1. Quick one: which residues, 5+ away or cross-chain, put their amide H under 5 Å from the amide H of F71? H built at 1.01 Å from N.
2. Among I11, V57, V90, whose Cα projects farthest towards the positive end of the dipole of the chain, with charges put on the beta-carbon of Lys, Arg (+1) and Asp, Glu (-1)?
3. Can you run phi through the Karplus equation (6.51, -1.76, 1.60; θ = phi - 60°) for region 41-46 and list ³J(HN,Hα) in whole Hz, with x for Gly and Pro?
4. So what are the ³J(HN,Hα) numbers for region 56-72, from phi and the Karplus equation (6.51, -1.76, 1.60; θ = phi - 60°), rounded to whole Hz, Gly and Pro as x?
5. Against the longest principal axis of the chain, how steep is helix 14-25, in degrees 0 to 90 to the nearest 10, with axes from Cα atoms?
6. Only one of the values [x] 12.8, 37; [y] 19.3, 63; [z] 27.4, 80 was calculated from this structure for Rg and Dmax of the Cα atoms in Å; name its label.
Amino acid sequence: MINSLQITATIDQPELLEDRVEKLAYRRYDPGYGMQKMPGNHEVLETSSTEAYVNGVVAMNNSDEQINIPFITLFVFTCIKRKDSVYKLVWSSSLS
């Protein structure tokens, strides 16, 4: 007997999460590290990270039933900035 299980996660209020990450990415000051000269083909990258709580619902479905499980977990988001560019989100991870 082969059973299939579908798992999805839905984030509550994604606009609040987007706002938090945008504030990280577009900070008001520039420490200037990206202008430093590096030997060879190396490139200086400025980084900025923040933590944010994310909540939502994990839904598990099989052919017989659906189970909804609310969650709240801490994520870390990291942005980088190359020389003469803007901060871009490059990494995120759940801390739980």
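1. G56, V57, V58
2. In the chain, that residue is V90.
3. The phi angles translate into 9, 6, 10, 7, 10, 8 Hz.
4. Those phi angles translate into x, 9, 9, 10, 10, 10, 10, 5, 9, 7, 10, 10, 10, 10, x, 9, 9 Hz.
5. It works out to around 20 degrees.
6. So the structure-derived entry is [y].
Just so you know, all these numbers are worked out from the coordinates, no wet-lab data involved. The structure presented is a predicted model; accordingly, all values stated were derived computationally and were not measured. Heads up, the Cβs are rebuilt from the backbone with ideal geometry, glycines too, and the neighbour counts pull from every protein chain shown.
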